[in-house]
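Take a look at the structure set out below.
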Amino acid sequence: MTDTLKSTYMSARELRAAYENGETSVREVVAAHVGRIRDVDGEINAYLSVLDEEDLFVQSDAADAHMRDGNASPVTGVPFLIKDNISTTGVRTTAGSRILDGYTPPFDATVVSRLKTAGAIVLGKGNLDEFAMGSSNENSAFGPVINPWGDNRVPGGSSGGAAAAVAAGEAVVALGSDTGGSIRQPASLCGVVGFKPTYGTVSRFGLIAFGSSLDQIGPIARTVADCADTANVISGRDPLDSTSLDFDFDFAERLDRDITGMKIGVPREYIVDGIEPGVRAAFEASLEVLHGLGAHIEETSLPLTDHALAVYYIIAPSEASANLSRFDGVKYGMSIDGEPNARESIEATRGEGFGAEVKRRILIGTYALSAGYYDAYYKKAQQVRTLIRREFQDAFETFDAIATPTSPTVAFELGAKTQDPFQMYLSDVCTIPINIAGLPGISVPCGLSDGLPVGLQILAPQLGDRTALQIAHAYEQTADWQLRPPSL
Amino acid sequence: MSEEILSEDDVKHIARLAALRISDDEVQTMRRQLSDILAHFQTLAELDTEGVPPTGHTTDAHSVMRDDEDMPALNREQTLANAPFVDGAFVRVRPVID
């Protein structure tokens, strides 16, 4: 591996150490990443926009100043990709949709302003399924992302660009968003770590809303420690998001504690019918490793898991149908002119601007909320949501954490599921229940099946983020594949 | 193939409610796909939810109020910068009343 390539495959902690030892400079590392993006992103398509050199130099110099002044944070000088549904002032933000054509936010999302204040480098914006709706990144209006691990394989979704960029050495850390698995599932399929913190720990201000009671921003990185460090920077109460929580803990503080005696439940419902034998084998081997580290592993049952998909695909589209009503071609984005009146103009704009999956979800949500169907669908789903929450609460009376596979399959081929929306929805069967209950969850690489990465998912109770990170970190220390670059 | 839950007219009605113009081809595809998806939701009816309160939100955050303080806001230029059609200080739209 050349020196330049090596610097693009470091973890953020390694990079910080290299800065502190004077082995490299921020400008050098940023230039290496720009070079890497230029070399490989034609194949991967992880970036929808990359900031220009001048802007990157300004950011690099600001990071250098932080270090000179002794104000360095764990993300100072660390190159980030930001998923393109997270607002960046002065930088085009598309949400992967044509309907936002020409839109440039006049403000930063809270997570972006916190990263900037901490001296992080924003390299550019990441490809995604349109409005974060999808599990393969094939719903992007700007073309699919290709998984760096395999020819013609999807990276997962919806944060496909974020996961692929970290896997391909095009960013050290990425910010994604997770409504039903959109951080953890692509992280699993791309062989990197993806962390969805407890709902409310990270401000959603500036995140283009999809399902507001489910959406959560979080990091994708090469190591669990980098996820914890990034969570520390971006999290915390924000007056601009009234659902953000007041809490006070350090996400990284328990990483080095051993996990002896911890009780980890393995719910049998997550070994779903369609699980691939190689995924099951890698998952079961990871349980052996956790057992070897001193954890008590015990099979358990969460019977309502089978209903989570239906609950999610009622609640998320219902919330989306309301959230996406703002895209009308009046104040920003594309607009179809020449219609006889405002109503026709709005209908034409939305008909042209939204892709098929977004339309499907708007229609499902509108139907579920419409007169005569509200009780049977939306209210029923919200009631079952309560039952699912209670089932998790009961499980966490017994267990410190729960372990499951992140995805029942490894990365599948492009086009394999695009004709059957419900088959695509099943890709998130192991990740969706966590959003329904507002829990923290992390996916950490746990081996390969047919040469493609498999992910282990660790779940913890609300605000038990440190437990999930601790177990994932302990597991990660036993593995040797997480930094292995795919053969690009 | 099970009986389809939605008719063509249902799909057109929902699309109208959602202010979404869809082509005749899309009506056909959506009718089939949405009926298929809705059929999978029927499993929820098996569960007894009598008396179970609905969850709208998973944390115990209630209505949060803040002090009414002046804060910087976008100026007119910034506000209009993204509008597709602008006329002087205004956003231009098609007639609202025919």
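FYI, it's all coordinate maths here, none of it is from the lab. None of the values given here were measured: they were computed from a predicted structure. Here the Cβ is made from the backbone with ideal geometry for all residues, glycine too, and neighbour counts use every protein chain on show.
Which of the peptides A:228-241, A:84-97 is most tightly packed, and how do the rest follow, judged by the mean count of other Cβ atoms within 10 Å per residue?
Details: A:228-241: 21.5, A:84-97: 23.8.
Highest to lowest by the protection proxy: A:84-97, A:228-241.
Just check region B:5-98 against the gyration tensor rule for me: Cα atoms, a ≥ b ≥ c as the square roots of the eigenvalues, rounded for a/c under 1.5, and otherwise prolate or oblate depending on whether a/b exceeds b/c. Can you show the working numbers first?
Details: a/c = 3.66, a/b = 1.28, b/c = 2.86.
Here region B:5-98 falls in the oblate category.
Mind telling me which of B:T59, B:T43, B:T79 comes out most flexible in a GNM of chain B, alpha-carbon contacts under 10 Å?
B:T79
So for the protein assembly as shown, taking the charge dipole from beta-carbon charges (+1 Lys/Arg, -1 Asp/Glu), which of A:P79, A:F283, A:L56 sits furthest toward the positive end?
The one lying farthest along the dipole's positive direction is A:L56.
Filter the chymotrypsin sites (Phe, Trp or Tyr not before Pro) in region A:82-160 to those in DSSP coil with at most 16 other Cβ atoms within 10 Å of their Cβ, and list the result.
On the way: sites: A:Y103, A:F107, A:F131, A:F142, A:W149; in loops: A:Y103, A:F107, A:F142, A:W149.
Taking region A:82-160 and a limit of 16 other Cβ atoms within 10 Å, the loop chymotrypsin sites (Phe, Trp or Tyr not before Pro) found are A:F107.
Per residue of A:381-389, how many C-beta atoms from partner chains lie within 10 Å of its own C-beta, taken as a mean? Before the final figure, lay out the partial values.
Numbers: counts 5, 7, 10, 7, 6, 7, 5, 2, 2.
Mean partner-chain Cβ count within 10 Å for A:381-389: 6.
Given Cα pairs under 8 Å that are at least 6 residues apart, what percent is the relative contact order of chain A?
Values: 1175 pairs, mean separation 87.7, N = 488.
The normalised contact order for chain A reaches 18 percent.
Please report, largest first and rounded to whole Å, the three semi-axes of the ellipsoid equivalent to region A:101-199, where each semi-axis is the square root of five times an eigenvalue of the C-alpha gyration tensor.
Working: eigenvalues 90, 49, 37 Å².
Over the Cα atoms of region A:101-199, the semi-axes work out to 21, 16, 14 Å.
Report the Cα centroid-to-centroid distance between region B:10-43 and region A:389-465 in angstrom, as an integer.
Here the two parts' Cα centres lie 29 Å apart.
Mind checking region B:1-72 for GluC sites (Glu not before Pro) that DSSP puts in a loop (not H, G, I, E or B) and that have at most 13 other Cβ atoms within 10 Å?
B:E3, B:E50, B:E69
For the protein assembly as shown, with only Lys/Arg (+1) and Asp/Glu (-1) charged at the beta-carbon, what is the dipole magnitude about the Cα centre, in debye rounded to 20? Write out the running numbers ahead of the final one.
On the way: 48 positive and 83 negative charges, 65 e Å.
Roughly 320 debye, rounded to the nearest 20.
With a 10 Å Cβ neighbour count serving as the proxy for reagent exposure, in which order, fewest first, do A:V34, B:V52, A:V112 appear? Numbers along the way, then the final one.
Values: A:V34 19, B:V52 16, A:V112 26.
Fewest-to-most Cβ neighbours within 10 Å comes out as B:V52, A:V34, A:V112.
Across the residues of A:241-249, average count of Cβ atoms on other protein chains within 10 Å?
On the way: counts 1, 6, 5, 3, 3, 1, 0, 0, 0.
Mean partner-chain Cβ count within 10 Å for A:241-249: 2.
Compute the signed sum of charges (Lys and Arg +1, Asp and Glu -1) over the other residues within less than 14 Å, Cβ to Cβ, of A:L304. Let's see the in-between values first.
Details: positive: A:R268, A:K380, A:R385, A:R389, A:R390; negative: A:E269, A:D306, A:E391, A:D394, B:E46, B:D48.
Taking every Cβ under 14 Å from that of A:L304, the sum is -1.
What net charge is computed for the residues neighbouring A:Q470, neighbours being all others with C-beta under 10 Å from the C-beta of A:Q470, Lys and Arg scored +1, Asp and Glu -1? If you can, show how the numbers build up before the last one.
Details: positive: A:R254, A:R257, A:R466; negative: A:E253, A:D256, A:D258, A:D400, A:D465.
So the environment of A:Q470 carries a net charge of -2.
Name the longest site-free stretch of chain A, where the excluded sites are GluC sites (Glu not before Pro) in a DSSP loop with no more than 15 other beta-carbon atoms within 10 Å. If you can, show how the numbers build up before the last one.
On the way: sites that count: A:E23, A:E253.
Within chain A, the longest run free of exposed GluC sites (Glu not before Pro) spans A:254-488.
Compute the relative contact order of region A:69-120 as a whole-number percentage, counting only Cα pairs closer than 8 Å that sit 6 or more residues apart in sequence. Don't skip to the answer; put the middle values down first.
Numbers: 63 pairs, mean separation 21.9, N = 52.
Contact order relative to length: 42 percent.
Please say if region A:1-78 is rounded, prolate or oblate, where rounded means a/c under 1.5 for a ≥ b ≥ c the square roots of the C-alpha gyration tensor eigenvalues, and otherwise the choice is prolate for a/b larger than b/c and oblate otherwise?
Note, shape of region A:1-78 comes out oblate.
Can you find, among A:G35, A:I146, A:L448, the residue farthest towards the positive end of the dipole of the protein assembly as shown? Put +1 on the C-beta of Lys and Arg, -1 on that of Asp and Glu.
So the residue furthest toward the plus end is A:G35.
Pop out the ³J(HN,Hα) list for region A:405-422 in order, Karplus 6.51 cos²θ - 1.76 cosθ + 1.60 with θ = phi - 60°, rounded to Hz; leave Gly and Pro as x.
Running phi through 6.51 cos²θ - 1.76 cosθ + 1.60 with θ = phi - 60° gives x, 7, 9, x, 9, 7, 4, 9, 6, 4, x, 5, 10, 6, 7, 10, x, 5 Hz.
For an R0 of 45 angstrom, estimate the FRET efficiency from the Cβ-Cβ distance between A:R268 and B:S23 and round to the nearest 0.05.
Working: r = 45 Å, r/R0 = 1.00.
So, using R0 = 45 Å, E works out to roughly 0.50.
For region A:154-195, report the translational diffusion coefficient in µm²/s to the nearest whole number, using Stokes-Einstein at 10 °C, 1.306 mPa s, and a Kirkwood Rh over Cα pairs. Before the final figure, lay out each step's value.
Working: Rh = 9.4 Å.
Taking Rh from Cα pairs, D becomes 168 µm²/s.
Cα convex hull of region A:189-312: mean projected area in nm², to one decimal? All intermediate terms of the calculation are to be shown ahead of the outcome.
Numbers: hull surface 38.6 nm².
Across all orientations, region A:189-312 yields a mean hull projection of 9.6 nm².
Compare the Cα positions of A:N232, B:T43, A:G329 along the charge dipole of the protein assembly as shown (+1 at Cβ of Lys, Arg; -1 at Cβ of Asp, Glu; about the Cα centre) and return the one farthest towards the positive end.
The residue sitting farthest along the positive end of the dipole is A:G329.
I need the calculated FRET efficiency for the pair A:D55 and A:E284, taking r as the beta carbon distance and R₀ as 51 Å, to the nearest 0.05. Spell out each step's value before the answer.
Details: r = 48 Å, r/R0 = 0.93.
So the FRET efficiency works out to roughly 0.60.
Of the DSSP beta bridges with both residues in the protein assembly as shown, give the percent that are antiparallel, rounding to the nearest 5.
65
Where does each of A:H296, A:H291 land when they are ranked from fewest to most other beta-carbon atoms within 10 angstrom? All intermediate terms of the calculation are to be shown ahead of the outcome.
Numbers: A:H296 15, A:H291 12.
By the 10 Å Cβ count, ascending: A:H291, A:H296.
For peptide A:310-323, what's the mean number of Cβ atoms from other chains within 10 Å of each residue's Cβ? Kindly include the intermediate steps, with their values, before the conclusion.
Working: counts 9, 4, 0, 4, 4, 2, 0, 1, 0, 1, 0, 4, 0, 0.
Across A:310-323, the average partner-chain Cβ count within 10 Å equals 2.
Might you report the magnitude of the Cβ-based charge dipole of region A:252-296 about its Cα centre, with Lys and Arg at +1 and Asp and Glu at -1, to the nearest 20 debye? It would help to have the intermediate numbers written out before the result.
Details: 5 positive and 8 negative charges, 31 e Å.
Once rounded to the nearest 20, the dipole reads 140 debye.
How large are Rg and Dmax for chain A when only the alpha carbon atoms are used, in Å?
Radius of gyration, then largest Cα-Cα span, for chain A: 21.1, 70 Å.
For region A:2-153, what does the alpha-carbon gyration tensor say about shape, rounded, prolate or oblate, given a ≥ b ≥ c as the root eigenvalues, a/c under 1.5 as rounded, and a/b over b/c as prolate? Don't jump to the answer; show the numbers that get you there.
Details: a/c = 2.29, a/b = 1.41, b/c = 1.62.
Note, shape of region A:2-153 comes out oblate.
Using a Förster radius of 22 Å, what is the FRET efficiency between A:E299 and A:T478 based on their Cβ-Cβ separation? Nearest 0.05, please. All intermediate terms of the calculation are to be shown ahead of the outcome.
On the way: r = 22 Å, r/R0 = 1.00.
It comes out at approximately 0.50.
Which whole-angstrom value gives the distance between the alpha carbon centres of region A:168-210 and region A:360-378?
Measuring centre to centre over Cα atoms gives 28 Å.
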